[in-house]
Amino acid sequence: MRRVAFIFGLTFLLLGFAGCGDSKAPELNTLSFGKDGEILHRIVGKTDQNFYQIEPAALEEFAASRVEEYCAENGGEKVALEAVEEKGGSIVLDFKYASPEDYSEFNHRVLYVGTLAGASDEGYELEAVPFVSMDGKASEVGYIDDWDKKQMFILETKSGEEMLVNLPGKTLYVNQSAHSGQELTLVGKKSVRISNQEAEGTMSLSYIIYE
C-alpha cells in the first residue's frame, strides 16, 4: 500500500506542477466544493515531460486502480475518478472525494474544512497565524468579529505547487504570505490562488477564512 501511494504521489508530482502552455487547456490545479460538501480536485499537467511521454491510458488505469484500492480499504465510494482527458498537449484528471478527510487520506496531505472553533479544537494554532483581510488590513483571529462562527479552509501544499481554491462562500481573510512562504491571491470574491514559494521539498499550510 505504501509503495503504491508513493508511486502515485510521484506521478502526480510530475503532472501537477508541470504547468500548461496552451491557452485552450486548463492552467491550474483546482479544488472546489460540490453541492453536498464533496471535494472536487482537478489535476493538470503536460503529457510531454522532459525525459519521457506520459501515456494517458496507462495513467488512467493506474489512477483507477489506486481509487479502487482506497475504496476497498475504507468502505463505500469515498473517491471517484470522474474523467481523464487530453487538452492542448496537457492531461486533465478530475477526482471527487466524499469528504475533506478522504482527500487528506488519499493524497497524504492536510485539508481541513470547518469552523474556526473546530480547527482550534483539532490543534491548529490559529492564534499564531497573522491574517490579512481582503482590503489589506492585518488582523489576528481573536480580533475577528464573531470569529467562532466563521468558516476555515486549511490546505497543505508542496514547494513549487500552485492551486486555485474555489470556496463555497465569500473570502474574508487569508494568512499573510510572510507566515508560510506562500503567496495567496484573491481571484474574485470566492476563489483564492495559492502559490507555494517555500524552499524545495517544503510542505506548508495555507489558511483561508470565509463565510
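The values are calculated or read from the model by the stated rules, or taken from the named source; none is laboratory data. In this text, all values refer to a predicted model and were calculated from it rather than measured experimentally. Neighbour counts run over all protein chains shown; Cβ positions are idealised from the backbone, glycine included. These accessible areas exclude ligands, DNA and RNA; they are computed on the full protein's heavy atoms, side chains included. Shrake-Rupley method; radii C 1.70, N 1.55, O 1.52, S 1.80 Å.
Being part of a loop (DSSP other than H, G, I, E, B) and open to solvent by less than 50 Å² (accessible area, probe 1.4 Å) is the filter; apply it to region 26-35 and report the residue that is modelled with the highest pLDDT.
Narrowing region 26-35 to residues part of a loop (DSSP other than H, G, I, E, B): 26-28, 34-35.
With the extra rule that they be open to solvent by less than 50 Å² (accessible area, probe 1.4 Å), the set shrinks to 26, 28, 34.
On the way: Pro26: 56, Leu28: 88, Gly34: 93.
Restricting to residues being part of a loop (DSSP other than H, G, I, E, B) and open to solvent by less than 50 Å² (accessible area, probe 1.4 Å), the top hit is Gly34.
The combined condition, being touching a residue at least 12 places away in the same chain (Cβ under 8 Å) and farther than 20 Å from Glu27 by Cα, is fulfilled by Thr202.
So, Glu38, is that one modelled with pLDDT of 90 or more and loosely packed, with under 12 Cβ neighbours inside 10 Å or not? For Glu38, the condition - modelled with pLDDT of 90 or more and loosely packed, with under 12 Cβ neighbours inside 10 Å - is not met.
Residue count for region 177-211 satisfying the condition of being open to solvent by 60 Å² or more (accessible area, probe 1.4 Å) and within 21 Å of Gly123 (Cβ to Cβ): 2.
Of all residues in region 163-176, those being open to solvent by 60 Å² or more (accessible area, probe 1.4 Å) and either in a strand (DSSP E or B) or among the charged types (D, E, K, R) (or both) number 1. Beta carbons closer than 8 Å, at least 6 apart along the sequence or on distinct chains, pair a first residue in region 114-138 that is free of Cβ contacts under 8 Å to residues at least 60 places away in the same chain and farther than 11 Å from Tyr207 by Cβ with a second that is in a helix (DSSP H, G or I) and open to solvent by 70 Å² or more (accessible area, probe 1.4 Å) for Thr115/Asp148; Thr115/Lys149; Ala117/Asp148. For region 143-153, does any single residue satisfy the condition of being at pLDDT 95 or above, surrounded by 18 or more Cβ atoms within 10 Å (Cβ to Cβ), under 20 Å from the mean Cα position of the chain (by Cα) and within 30 Å of Glu61 (Cα to Cα)? No, that holds for no residue.
The set of residues in region 95-114 that are within 17 Å of Asp36 (Cα to Cα) and open to solvent by 30 Å² or more (accessible area, probe 1.4 Å) comprises Lys96, Ala98, Glu101, Val113.
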